[in-house]
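Throughout, read-outs are computed from the coordinates displayed, never taken from laboratory work. Everything numeric in this text was worked out from a predicted model, so none of it was measured. As a convention, Cβ positions derive from the backbone with ideal geometry for all residues, glycine included, and neighbour counts pool all protein chains shown.
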Amino acid sequence: MLQISKPGFADYQCNNAMSLFSSLQGSATNFRNPRTIGQAILNNLPASDIVESASVAGPGYVNIVISSDWIAQRIQDMLIYGIKTWAPTLPVKRALFDFSSPNIAKEMHVGHIRSTILGDTLARMFEFANIEVLRRNHVGDWGTQFGMLIEYLFEQFPNWEEAGNQAIGDLQSFYKASQAKFEDEGSGFKAKAQQAVVRLQQGEERYQAAWKKICQISRTEFESVYKRLGVELEEKGERFYNPYIPLVLEELTNKGLVKDDKGARVIFTEGQRSPLIVVKRDGGFNYASTDLAALWYQFNVEKAEWIVYLTDVGQKQHFHKIFSAATMTGWLPDENEQRYPKTTHVGFGLVLGLDGTRFRTRCSEVVRLVDLLDEAKSKCKAQLIEHLTENEKIAGWTDDELDRISEAIGLGAVKYADLKNNRLTNYTFSFEKMPSDKGNSAVYLQYAHARICSIIQKANKDIEELKTKAAITFVHADERALGLHLIRFQE
Ligand code: ARG
């Protein structure tokens, strides 16, 4: 196998000599040790303009240095023929990314913004590779909490049908208040809320309309965040898959997978201590039954060949169980057989505040996504203004320019914080560190990008000629390293 080598040794390294030698053990062979095999590989390398030099190192590694001219030529080709020619080829035509997926009216935490940013980034990479991506927002828009929310809406806003979203205000406070009332045993509210769930599920018009209204208020808020972040999503919430659950459970039951467990209906999956509950003891469906129905729908109706979920690592077990159940049912091939269709859970760590606990903004207990973006922006704006007073050059900026630039830097910082940190570990988020203009930060990249744009602008019409006539050569070792890094995009 050819691997990317440690910097300083070579560009690539082939380590087959060692395993080949051990498989020859006991048979008559001229090879005295792995190194002699490495030497034989080296001697038989076909001539190629890709390879600058090759050598054998240590116990038998074949080290390969790629020709600098060849690297430069690839980059020149990209300039001439366009970045699209670098798109990797994957064996799937349609993939589904389930990301962002917040819950209607419930708290939207920073985890949802991480999911949004990571999901959008991966989706963009797949789209670049010419794969059709279904960008799915699996919002939590169904469940018993809606009985309470609807009943509360009726009580507090008798004119809810005419009332604008503004009148109902912040849905999270609304949620909290309705919850408080639900828990207040004396009020008789609980019984009404439970009645409301039944009436909603039976499809009674007034209840459906109230449900729609509540979802719409949340949706408007989510959409403002997506718009600011430049993220596109198509909503198909839990409610959408609800009608498919009975059919899917019937299939699983017929295949003998669904068992009775203390009154609940469950699926036991390999290597998991607790089973996957698919029908609650009260007969209701849940998160898992919805995900099974969604998976069935996405494979069978939407014909997705690869389904990717982005949630925090806390949901790893859940998805593991769903995937096992899907394999047991035969929807997914066994791991070692043909590989598609397939499912992947892309988990991520928590975002922590400077005090080491779950990140919160200063104004509220829960971090609303909008608040986070606003705070990032206003912090950047404050810093910019500070610079403005010191730096004559940018003193002429208009308010509008200042605003647009703060938004770009602030949001860039939020996005980049998610992308530069290890996906799986928790990371500490600090507004103070965000606008750093040194090294590995968003604003540094944005600055470099702006400068490049300015160079291109100055080159004006010469640029087309430069692309084809000016040959790229690497002068500094860093340039070669960058070139090599760029052409590895496919890998
Ligand atoms: N709504 C869930 C949450 O906020 C995330 C949903 C992820 N997608 C899924 N198909 N389960 O935790």
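Couple of notes before you dig in:
- Entries in 212/236; 106/181; 255/316; 106/213; 415/458 that, when Cα-Cα distance is taken, lie over 18 Å: 255/316; 415/458
- Label-point separation in nm, residue 187 to residue 451, each point 7 Å along Cα→Cβ: 5.9
- Distance histogram for segment 220-354 (every C-alpha pair counted, 5 angstrom bins, percent rounded to whole numbers): 2, 9, 17, 20, 20, 14, 8, 6, 3, 1, 0
- Cα gyration tensor shape for segment 380-481, rounded if a/c is under 1.5, else prolate or oblate: oblate
- Charge context of residue 346, other residues only, Cβ under 15 angstrom, K/R +1, D/E -1: +3
- When the convex hull of its Cα atoms is projected in every direction, mean area for segment 266-312 (nm²): 4.6
- By the beta-carbon count within 10 Å of each Cβ, the least crowded to most crowded order of 480, 273, fewest first, is 273, 480.
- Cα gyration tensor shape of segment 135-287, rounded if a/c is under 1.5, else prolate or oblate by comparing a/b with b/c: oblate
- Tilt relative to the chain, helix 171-183 - C-alpha long axis, 0 to 90 degrees, to 10: 50
- Residue exposure sequence - 211, 70 - by fewest surrounding Cβ within 10 Å: 70, 211
- Considering only beta bridges that DSSP places wholly inside the chain, some 50 percent are antiparallel.
- Note on segment 14-157: Cα Rg divided by 2.2 N^0.38 Å, N the number of residues, gives 1.92.
- Working from the Cα coordinates of segment 291-341, the gyration tensor eigenvalues give, after taking √(5λ), semi-axes of 17, 14, 11 Å in decreasing order.
- Tail weight of P(r) past 15 Å, computed on alpha-carbon pairs of segment 145-223, percent: 53
- Secondary structure note: in segment 33-162, about 50% of the DSSP beta bridges are antiparallel.
- For the chain, calculated [θ]222 nm from helices alone, where every DSSP H run of n ≥ 4 adds -39500 (n - 2.57): -15500 deg cm²/dmol
- Dividing the convex hull volume of the alpha carbon atoms of segment 25-108 by its residue count gives 303 Å³ per residue.
- Viscosity 1.567 mPa s, 4 °C: Kirkwood-radius Stokes-Einstein D of segment 2-66 over Cα pairs, µm²/s: 106
- Over all distinct Cα-Cα pairs of the chain, the Kirkwood formula returns a hydrodynamic radius of 27.2 Å.
- In segment 114-171, the alpha-carbon atoms span a convex hull of 136 Å³ per residue.
- Rounded Å value of the spacing that divides the Cα centres of segment 222-251 and segment 50-86: 44
- Residue order, fewest to most beta carbons within 10 Å, for 485, 109: 485, 109
- Under the criterion of Cα pairs below 8 Å and six or more residues apart, the relative contact order for the chain equals 14 percent.
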